[in-house]
Structures are given as structure tokens and as C-alpha cells.
Amino acid sequence: MFADFLTCFGCVLALPLSYPAGLLFSQALSRVILGTGLDFNYSFSGALLWLGIVLALSALASLWPALSALRTSIREALVYE
């Protein structure tokens with residue numbers, strides 16, 4: 001649950017910066033590789049799709065240790081510490 005909160009917080013910080021950063025990066029890269037500028041097209045639906053993918057991956061990543069902790073007895077956990 002906390003991992004999903006951190007993921008959403010990171011996306012709230014990153015989404016406003018992704019448009020200008022993508023614009024500058026695509027212009028610079030197209031000038032270096034092609035010698036001319038290209039039209040920039042930002043996909044907000046793509047950004048939201050990535051948010052969904054990252055939320056699912058963070059939920060799975062936090063689920064793995066939680067299930068492992070469920071299988072550990074209190075005695076084993078205290079001995080490990």
C-alpha cells in the first residue's frame with residue numbers, strides 16, 4: 001500500500017516535468033542525428049498507461065516480501081534479528 005502511494009507521489013512530480021523534458025530531448029536528439037528538428041507529439045494516454053503499469057509492478061513488488069513474512073513464524077523472525 002505504501003509502495004503504491006510512493007509510486008503515485010513520484011508520478012505527480014514527474015508528469016509535469018515529462019512534457020518539457022521530452023520536448024527538449026527530442027529536439028536535441030533529432031538535431032544531432034538528423035540535422036533537423038522533428039514535430040513533437042506527447043501522448044497523455046501513454047503517460048497514464050505507464051502509471052497503471054508502474055502501479056501494478058509496485059503492488060507486485062511489495063506483495064512478494066509480505067507473503068514471505070506471512071510464512072515466517074515469530075520465533076524465526078526474532079532469531080533472524
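Quick note: the coordinates plus some simple rules give every number you see, no bench work behind them. What you are looking at is a predicted structure, and each value in this text was computed from that prediction instead of being measured. Positions of Cβ are backbone-derived with ideal geometry, glycine not excepted, and every protein chain shown enters the neighbour counts.
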When the stretch 1-57 is examined, which residues are found to be within 30 Å of L67 (Cα to Cα), β-branched (V, I, T) and free of Cβ contacts under 8 Å to residues at least 40 places away in the same chain?
-> V12, I53
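For every residue, the table says whether it meets (1) part of a helix (DSSP H, G or I); (2) more than 11 Å from the chain's Cα centre (by Cα).
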{"position": "Y42", "(1), (2)": "no, yes"}
{"position": "S45", "(1), (2)": "yes, yes"}
{"position": "G52", "(1), (2)": "yes, no"}
{"position": "A56", "(1), (2)": "yes, no"}
{"position": "A59", "(1), (2)": "yes, yes"}
{"position": "S62", "(1), (2)": "yes, yes"}
{"position": "L67", "(1), (2)": "yes, yes"}
{"position": "T72", "(1), (2)": "no, yes"}
{"position": "A77", "(1), (2)": "yes, yes"}
